1. Only strands (runs of 3 or more DSSP E) wholly contained in region 61-160 count here; list those with 1 or more residues that are closer than 18 Å to residue 29 by Cβ.
2. What do you reckon, is residue 55 more than 16 Å from ligand 1 (Cβ to nearest atom) and more than 30 Å from residue 272 (Cβ to Cβ)?
3. Considering each of 361, 349 in turn, give the residue that is more than 26 Å from residue 169 (Cβ to Cβ), within 16 Å of the chain's Cα centre (by Cα) and away from ligand 1 (no atom under 15 Å from the Cβ).
4. Criterion first (farther than 30 Å from residue 76 by Cα and either away from ligand 2 (no atom under 16 Å from the Cβ) or touching a strand residue (DSSP E or B) at 6+ places or on another chain (Cβ under 8 Å) (or both)) does residue 349 satisfy it?
5. Just to verify a result, which residue in region 34-65, among those that are surrounded by fewer than 20 Cβ atoms within 10 Å (Cβ to Cβ) and touching a strand residue (DSSP E or B) at 6+ places or on another chain (Cβ under 7 Å), is farthest from residue 110 (Cα to Cα)?
6. Identify the residue in region 6-30 that is touching a strand residue (DSSP E or B) at 6+ places or on another chain (Cβ under 9 Å), more than 21 Å from residue 113 (Cβ to Cβ) and in contact (Cβ under 8 Å) with a residue 24 or more places away in the chain and, among all such residues, is farthest from ligand 1 (Cβ to nearest atom).
7. From the list 302, 323, which one is within 16 Å of ligand 2 (Cβ to nearest atom) and surrounded by 17 or more Cβ atoms within 10 Å (Cβ to Cβ)?
8. Taking the condition modelled with pLDDT of 95 or more, part of a helix (DSSP H, G or I) and more than 17 Å from the chain's Cα centre (by Cα), does residue 312 pass?
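The values are calculated or read from the model by the stated rules, or taken from the named source; none is laboratory data. Only a predicted model underlies this, so the values are computations on that prediction, with no experimental measurement involved. Cβ sites come from the backbone with ideal geometry, for glycine too, and all protein chains shown count toward neighbours.
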Ligand code: KG4
Ligand code: ZN
């Protein structure tokens, strides 16, 4: 006599999160404790600090999620937790807690891939809005600070299966945003700053060339400097590369002698932590050339994401496109993806802003099909930092 209540727990990076979701679609609570402010002081996530904060936060965050949902541990049908990919020490905090809880209250444990969670965040909300259902096969772009992956989601028995049909060969798109923002003396994380400032510049001012990465089936000898080699599969793959544009921005900064103004901005920002990306005061710290550079960078990155995603959607006959992960919050990305999808007559869905960044509702939602299929984890469940989807 199950109500399908699943407690989700997420601790893969810098948010400690817990949520209670009913039957994969109805979030009764969704609590996130962000460590953003802590890591902002270091310009990036510091793994040691992240683990320590997760340890501090996991119990109160779960307690809060249970209280807001007005349920007890007894009411739960399962406990779901992110098993990877992510930071090993950070993942272990959530996993250890979830295992102990599942054992202690006698509820099954479900291990969830973080990337599958990001995809389900979108589908969960689409169901809530009672939109025309997204039909499989779906093309999913997961684009965040750690990932830039394209998946083809297909039905396979009761559950879903995913095929990775594209990935970044170097930096993730969000990583490029963060690195370029840092280079330009903007705050961390860089995405929201660049997003807000880009609308004030001319996107055609600097014509960044994006070396189109050819579908993998037609290439030989590609090397993956930072990542493992891609899995072998049928059909072409649509990869990304973002380290080139980062270097191009750096070169532009050098040739146009922008160092001094960048340093001035860095100092002004450090002196006034209240400065917000969208504020006029922030824009006033950027000259026209800087704003044009920011707009052009974003135009190029979004264009690249758009081209590869829709090329893959066409080749694989996808019936819809789903975009998720932190970069899915980007306003230009949303606008241009919607326009392209409309042109092609394809539905496209994004998560709401609150569900586009890391959260646990998406973990509990992704666990639902696994619960139905009886796909439970044992006590051997461990952290898998490089977990693939
Ligand atoms: O999914 P997420 O919260 O964490 C992981 O990386 O898994 O994504 C964070 C990333 C950061 O790189 C951040 O700069 C980027 O998402 N981001 C954005 C925007 N908001 C966040 N990038 C572009 N435009 C935005 N509005
Ligand atoms: Zn994420």
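1. Filter on region 61-160 gives 78-84, 109-113.
2. Considered against the rule, which asks whether it is more than 16 Å from ligand 1 (Cβ to nearest atom) and more than 30 Å from residue 272 (Cβ to Cβ), residue 55 comes out as yes.
3. After ruling out the rest, the residue left standing is 349.
4. Criteria not met by residue 349.
5. The extreme case among them is 34.
6. Within region 6-30, the match that is farthest from ligand 1 (Cβ to nearest atom) is 28.
7. None of the others qualify; the one that does is 323.
8. Yes: the conditions hold for residue 312.
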